[in-house]
Structures are given as C-alpha cells and as structure tokens.
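The values are calculated or read from the model by the stated rules, or taken from the named source; none is laboratory data. Bear in mind the structure is a predicted one, so any value in this text is a computation, not a measurement. Cβ coordinates were reconstructed from backbone atoms using ideal geometry, including for glycine residues, and neighbour counts include every protein chain displayed. Heavy atoms of the whole protein, side chains included, go into the accessibility calculation; ligands, DNA and RNA do not. Shrake-Rupley method; radii C 1.70, N 1.55, O 1.52, S 1.80 Å.
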Amino acid sequence: MDYKELKLETQLAQAGIRMDEQTGALVSPIHFSTTYQHPEFGQSTGFDYTRTKNPTRTNLERTLAAIEGADYAMATSSGMSALMLAMEIFPVGAKVLACRDLYGGSFRWFDKVEQQGRFRFVYANTEDDMLTLLDETVDVVFIETPTNPLMNEFDIATIARKAKTVGAKTVVDNTFYTPIYQRPIELGADLVIHSATKYLGGHNDVLAGAVITNDQAIYDQLFFNLNTTGIVLSPFDSYMLMRGLKTLKLRMEKATANARDLVSHLENSPHIKEVLYPGKGGMLSIKLQDERKIPSLLNKLQIFTFAESLGGVESLITYPTTQTHADIPAETRHAYGLTDDLLRLSIGIEDVTDLIWDLEQALAD
Ligand code: PLP
C-alpha cells in the first residue's frame with residue numbers, strides 16, 4: 001500500500017522504516033556521506049551531493065509530506081530557516097497580511113525585512129480583522145494558529161478560501177497544533193511551515209524546521225533556494241526527528257489530556273486572572289492576578305522548567321516578556337493583549353498531579 005494512503009498514526013509509527021533495500025535495515029540508516037559515487041559516467045543513484053539530497057533526509061521528508069497530506073516536504077535546519085525559505089519565494093515589495101500575535105522571532109524578521117523594503121506588512125488582531133483586510137492588494141497571508149502566546153484560533157479554511165479569490169497565497173505555521181489537530185493543506189493553505197524543534201521532534205534535542213506544499217511550482221522555487229543556501233537538516237538530526245515523530249500522536253494526546261486537567265484546576269485558582277487555552281494541544285497561557293509574583297513563581301518551580309521553547313515531553317514555562325517575545329516593542333505587545341502578567345506553559349507528558357502540585361506550591365504566598 002502507498003505510504004501516503006496510510007492512516008496518520010501508521011505513517012508516524014512507520015516513519016523512515018524499510019527504506020534500505022540493500023541491507024533490509026528496518027530503521028532508517030544515517031547517511032553521513034556528503035558525496036555519492038556515480039555508477040557510470042552520466043549516471044546517478046539519485047543522490048549526488050548532500051546539500052541537494054541526502055537519503056536520511058529524504059526518508060524524513062517522505063513522512064513530513066505524508067502527515068500533512070501533501071506531495072512535497074523539505075527538512076530545514078530550524079523553524080526560522082523554514083520561515084525564511086517559505087517567504088523568500090515571494091517577490092520584493094509583496095504585501096503580507098499576518099496575524100498580530102506571532103512568535104517573537106517571526107515578528108523580529110518581519111520587522112527587519114519591512115525596514116529593508118523587502119516586504120510590506122499589515123497585521124490583524126482577530127480573524128474578522130484579517131478577513132476585512134484581505135483584499136486584492138494582499139499577496140501573502142501568514143497565519144500562526146493558535147496564536148502565540150494568546151492562543152486565539154484563526155479559521156484556516158475561511159481565510160484560505162478568501163485568499164484564493166483575491167489571488168493571495170496562504171502560509172500557515174502549524175507548530176502548535178501539528179497535523180494531529182490541524183492539516184492546513186487540506187484546509188486550502190499553499191504552504192505549511194513548522195518549527196520541528198517543538199512537537200514534531202518532541203524531546204528538546206533537535207533544532208529543525210519543515211516546509212511543506214502540494215504545489216509543484218512552489219516546490220521548485222523552494223528547492224532552488226534550499227539547494228542554493230544549504231539550510232538543510234543534517235543526517236543525524238533527520239534521524240532524530242524521525243525517531244521523535246513516531247510517538248507524535250501519543251505525546252499530543254497525553255499533553256492535551258494534561259493541559260485540560262490543568263486548565264480546570266487553574267481556572268479555580270485565586271492567583272490567576274485568566275487562563276488562555278484553545279481546547280486542544282499542550283500549549284496554554286495564564287495571566288496572574290499579581291504580576292510581581294512572576295520572579296518568585298519561576299524560582300520556586302520544581303517540576304516545570306523555566307526555559308524557552310515548547311512541545312517536548314517535559315513541561316516548560318516561559319515568560320514571553322523577557323524571552324520569546326522580548327523583541328516586540330512593549331507598547332505593541334500591550335496593545336494586542338500580550339501583557340507583562342502573562343506566562344506561557346508547554347505541558348508535557350508527566351503525571352498531571354505532579355504538575356498541579358508544582359504550580360500550586362509556586363503560586364502560594
Ligand atoms: N514558529 C513558532 C510558532 C515557534 O514557536 C518558533 C520557535 O520558538 C519558531 C517558529 C522558530 O523555530 P526554531 O526555533 O526551530 O527556529
């Protein structure tokens with residue numbers, strides 16, 4: 001049966017297997033060789049030089065494309081390189097309509113390229129704003145949903161449908177929900193990107209990104225830039241990412257179950273003003289009644305780790321004001337609701353009673 005036709009869980013569990021016909025190795029070998037012998041003059045095995053194509057990376061890319069329901073995937077050196085690769089296909093001066101609440105690093109790059117005149121940007125706080133702003137002048141729509149860290153959902157199908165009618169391409173950062181909860185290509189998106197460093201890898205030990213599309217013309221442009229810049233994922237990290245992917249569904253389900261339990265608990269805490277949770281996935285944010293408590297809370301935690309990043313098996317807590325979103329000017333952040341009383345939590349797969357205990361003891365006066 002064609003791998004692409006298999007159910008998502010099967011594609012994940014069988015990531016990269018049975019790809020080495022010569023030895024029958026079950027698990028994907030790690031091909032470190034940067035170059036490949038030509039069988040004869042004028043012939044190629046399909047692999048010539050690793051910047052262009054590497055067998056381990058190819059095995060991974062097959063899974064990345066399949067799980068997003070697409071034909072093409074490229075594994076890149078980081079989520080940021082995936083973002084740059086995806087956006088670089090658009091012409092100088094293109095107008096990008098993006099959601100306002102974005103990963104700080106994406107905003108930082110958008111801001112820089114806007115200053116350089118590379119792209120023009122318009123930002124939308126809500127889905128309604130985005131639909132209103134989406135007219136014939138827009139070339140690219142960039143959506144991160146749920147948004148980071150306010151956890152607002154944008155309806156990809158509605159936006160992508162309207163984008164098509166005005167001739168704009170839709171790019172979705174699917175890092176938070178992953179294909180377990182959201183498959184943007186099937187909802188009409190033209191390009192999907194991931195920080196695979198997060199849920200796809202799942203163990204906080206691989207820096208990686210992915211760009212996925214169903215459109216051959218888009219793929220050809222992406223591939224030209226990928227091969228030119230060499231922002232590819234290394235063979236070892238490609239292997240690590242495949243290994244992580246095998247348990248994606250189990251990890252997402254457990255993170256969701258833990259997050260839901262934690263949310264019901266946190267909603268009743270007198271120390272918490274607001275819990276922001278979209279209902280699925282392992283990401284949530286809390287706003288504290290008293291933001292002066294934040295330093296002591298972060299110091300007191302024993303099971304949650306105070307660190308950047310998200311999506312791993314271990315629970316992490318982040319203070320966007322000084323970490324992930326520090327490059328967004330304070331007035332801008334505050335205006336759209338990213339206030340200094342907000343903490344972002346990435347819920348792992350631990351026993352939830354330990355997580356509840358940890359937050360309770362750290363919040364206590
Ligand atoms: N997109 C989102 C939603 C992220 O959270 C991040 C990283 O934190 C990135 C992109 C960038 O990915 P990376 O850190 O792998 O370069």
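Can you confirm whether segment 169-181 contains a residue that is surrounded by fewer than 24 Cβ atoms within 10 Å (Cβ to Cβ) and closer than 28 Å to PRO55 by Cβ?
Yes: one or more hits.
Can you name the residue in segment 198-223 that is within 12 Å of the ligand (Cβ to nearest atom) and open to solvent by 20 Å² or more (accessible area, probe 1.4 Å) and is also nearest to the chain's Cα centre (by Cα) among such residues?
Looking at residues that are within 12 Å of the ligand (Cβ to nearest atom) and open to solvent by 20 Å² or more (accessible area, probe 1.4 Å), I get LYS198.
Going by what's in this entry, would THR126 be described as of a type in the set (S, T, N, Q) and within 16 Å of the ligand (Cβ to nearest atom)?
no
What are the residues in segment 101-113 that are away from the ligand (no atom under 14 Å from the Cβ) and either out of contact with any strand residue (DSSP E or B) (no Cβ under 9 Å at 6 or more places or on another chain) or among the charged types (D, E, K, R) (or both), if any? Outline the logic, then answer.
Just the residues of segment 101-113 that are away from the ligand (no atom under 14 Å from the Cβ), to begin with: 111-113.
Hits for segment 101-113 are ASP111, LYS112.
Return yes or no: is PRO179 under 13 Å from the mean Cα position of the chain (by Cα) and assigned to a loop (DSSP other than H, G, I, E, B)?
On the way: under 13 Å from the mean Cα position of the chain (by Cα): yes; assigned to a loop (DSSP other than H, G, I, E, B): no.
Here the answer is no, as PRO179 does not meet what is asked.
Return yes when THR229 is more than 12 Å from the ligand (Cβ to nearest atom), modelled with pLDDT of 95 or more and open to solvent by 30 Å² or more (accessible area, probe 1.4 Å) and no when it is not. Let's see the steps before the verdict.
On the way: more than 12 Å from the ligand (Cβ to nearest atom): yes; modelled with pLDDT of 95 or more: yes; open to solvent by 30 Å² or more (accessible area, probe 1.4 Å): yes.
Spelling it out, THR229 is indeed more than 12 Å from the ligand (Cβ to nearest atom), modelled with pLDDT of 95 or more and open to solvent by 30 Å² or more (accessible area, probe 1.4 Å).
What residue, of VAL92, VAL27, is of a type in the set (A, V, I, L, M) and more than 23 Å from PRO235 (Cα to Cα)?
Numbers: VAL27 fails: more than 23 Å from PRO235 (Cα to Cα).
Exactly one residue qualifies, and that residue is VAL92.
Would you check if ASN148 is open to solvent by less than 10 Å² (accessible area, probe 1.4 Å), in a loop (DSSP other than H, G, I, E, B), polar (S, T, N, Q) and over 19 Å from LEU85 (Cβ atoms)? Outline the logic, then answer.
Values: open to solvent by less than 10 Å² (accessible area, probe 1.4 Å): yes; in a loop (DSSP other than H, G, I, E, B): yes; polar (S, T, N, Q): yes; over 19 Å from LEU85 (Cβ atoms): yes.
Yes, satisfied.
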